[in-house]
Ligand code: DX5
Ligand code: ZN
């Protein structure tokens, strides 16, 4: 199955003085999901968004709300983010004492369940939960901040992950998402390796002083061209 490449626009990089305007520009420009980076200052050394921003944006957009929980023991807040209107809830393997139980909690809320792994975490940690999840988020930078440099082994990691999914016959069930310094060059390499969902932040859509709508249109065209390549 040839999956359409998705744009998940990273809201932590948006203009908070004109958030509604940016969300409209993203939607008109061809983004598929809004990506909410949630940080607790403990699992990652930063603070960003919370459930209230998800709740605020839920009624004003048709885009899917993709919530990336970079927080310790996320099971504590799964219901809160589900009730706020999330469509996708992604937790870090490294932050869950009971990863299987946490994934089940997301699915009991009827949400798309994803697991994210940091640059130093091996894909093997996912093996025993693959049949329960819908998405794997491969971090291509150390989580916590926008504007970081791409960690080059991320491409091989996506390739290995894709091969693992194929070996279990799960390549059509589980989507591979990539987050961190995603631009035309890195997305092309990651797509060739098997990623079809890209978190777009300051490296492509939210470039300083550039138009969000125009950059979204350009990235949309870029990803659509990639899909066409054999
Ligand atoms: C890292 C963040 C960033 C952000 C995207 O925790 O998740 O990856 O969304 O921003 P850039 O494109 O600057 O990496
Ligand atoms: Zn993220």
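Just so it is clear, none of the values below were taken in a lab; they were calculated from the coordinates. Computed from a predicted structure; not experimentally measured. FYI the Cβ positions are ideal-geometry reconstructions off the backbone, even for glycines, and counts take in every protein chain you see.
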Self-check item: Calculated SAXS-style log₁₀ I(q)/I(0) at q = 0.12, 0.18 Å⁻¹ - segment 55-107, Debye, Cα scatterers
Solution: -0.26, -0.55
Quiz item: Of all the Cα-Cα pairs you can form in the chain, what percent are over 32 Å apart?
Solution: 11 percent
Quiz item: Counting every Cα pair in segment 1-133, what percent are over 28 Å apart?
Solution: 16 percent
Quiz item: Given just the C-alpha atoms of segment 133-230, how large is their convex hull per residue in cubic angstrom?
Solution: 100 Å³
Quiz item: In a Debye calculation with equal point scatterers on the alpha-carbon sites of segment 170-219 and no solvent, what is log10 I(q)/I(0) at q = 0.26, 0.27, 0.30, 0.32 Å⁻¹?
Solution: -0.95, -0.99, -1.11, -1.19
Exercise. Output the peptides 144-152, 130-138 sorted from most to least packed, where packing is the average of other Cβ atoms within 10 Å over each peptide's residues.
Key: 130-138, 144-152
Quiz prompt | Cα pair count fraction exceeding 13 Å, expressed as % - segment 130-188 | solution = 61 percent
